[in-house]
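What follows is a single structure, written as structure tokens, with notes after it.
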Amino acid sequence: MIALYIIGGIILLIVLLSFAVTTAFEHKAEIVINKPKGEVFEYLKSLKKQNDWSVWAKMDPEMKQTFTGTDCSVGFISAWEGKKSGKGAQEIEKITEGERIDIELRFEKPFKVTNKVYFATTIIEGNKTKIVWAMHGKSPRPFNLLFPLMKGSVLKDFNQGLANLKALLEK
């Protein structure tokens, strides 16, 4: 009986803590690439080209992908399913030419969630371009307690992906 009270108390504590932590999150990373903004932006628009620099594509080389629509344009969908990468899709929602690409990111497995992602480019000076890669969304309670713990892992992957992109574009 005491064990049930302890378990109930732990569950209650988790639920209460989940209301003390926000459900909204944003993860953002950036890098400067020594290439003209137009060239960088054109490369970023291609969801198919993400496989060349994405940490997750490299992590799961047996991942199966399907593409729907015209790459580099609004409505294009890149869907995937793999043992390590789970199942999901990303769809280009909006392109502000030369400035920003807005994407809806939908995960089905290992958990179901929809987030928003964007890539923004700005000229730093001359042929240097800053890329900002951000993801934001809401995490349902009580899973919102895990997102602060996951932030480091997500940012590590974002930073590595951007470093891969920099190496690829600057060679």
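Any read-out appearing in this document is the output of simple, stated calculations on the displayed coordinates, not a laboratory observation. Note that the structure is predicted; figures quoted are calculated from it, not measured. Backbone-built Cβ (ideal geometry, glycine too); neighbour counts: all protein chains shown.
Could you check the simple spin-label distance between T122 and L105, using points 7 Å along Cα→Cβ, in nm with one decimal?
Placing both labels 7 Å along Cα→Cβ, they lie 2.1 nm apart.
For the stretch 126-136, in order, what is each residue's ³J(HN,Hα) by Karplus, 6.51 cos²θ - 1.76 cosθ + 1.60 with θ = phi - 60°, in whole Hz (x at glycine and Pro)?
x, 9, 9, 10, 8, 10, 10, 10, 9, 9, 9
Per residue of the stretch 24-36, in order, report the coupling 6.51 cos²θ - 1.76 cosθ + 1.60 (Karplus, θ = phi - 60°) as ³J(HN,Hα) in whole Hz, putting x for Gly and Pro.
7, 8, 8, 10, 9, 9, 8, 7, 10, 10, 7, 8, x
Please report I101, I2 as a ranked list, fewest other C-beta atoms within 10 angstrom at the top and most at the bottom.
On the way: I101 22, I2 6.
Ascending Cβ contact count within 10 Å gives the list I2, I101.
For H136, H27, what ranking results if the residue with the fewest other Cβ atoms within 10 Å of its Cβ goes first?
On the way: H136 13, H27 20.
Least crowded to most crowded, the residues run H136, H27.
How high is the relative contact order of the stretch 2-170? Use alpha-carbon pairs under 8 Å, at least six apart in sequence, and give a whole percent.
Relative contact order of the stretch 2-170: 30 percent.
Write out the trypsin sites (Lys or Arg not before Pro) in the stretch 64-128 meeting two conditions: DSSP loop, and at most 11 other Cβ atoms within 10 Å of their Cβ.
K83, K84, K112
In the stretch 21-171, if the dipole is taken from +1 on Lys/Arg beta carbons and -1 on Asp/Glu beta carbons about the Cα centre, which of F76, S54, V113 is farthest to the positive end?
V113
May I ask you to list the GluC sites (Glu not before Pro) in the stretch 31-133 that are in a DSSP loop and have at most 10 other Cβ atoms within 10 Å of their Cβ?
Qualifying residues, ordered by number: E62, E97.
Set the bar at 25 Å for Cα to Cα. Now go through K35/K138; K48/K94; K35/K64 and name every pair that lies beyond it.
K35/K138; K35/K64
Amide H of L47: which non-local residues (sequence gap of 5 or more, or other chain) have their own amide H closer than 5 Å, using H built in the peptide plane?
Those lying under 5 Å, H to H, from L47 are C72.
I need the shape label for the chain. Rule: rounded when a/c is under 1.5, else prolate if a/b > b/c, else oblate, with a, b, c from the alpha carbon gyration tensor. Write out the running numbers ahead of the final one.
Details: a/c = 2.40, a/b = 1.91, b/c = 1.25.
Prolate is the answer for the chain, as a/c is 1.5 or above and a/b outweighs b/c.
Rank the residues W56, W133 as a footprinting-exposure proxy: fewest other Cβ atoms within 10 Å of their Cβ go first.
If I rank by nearby Cβ atoms, fewest first, I get W56, W133.
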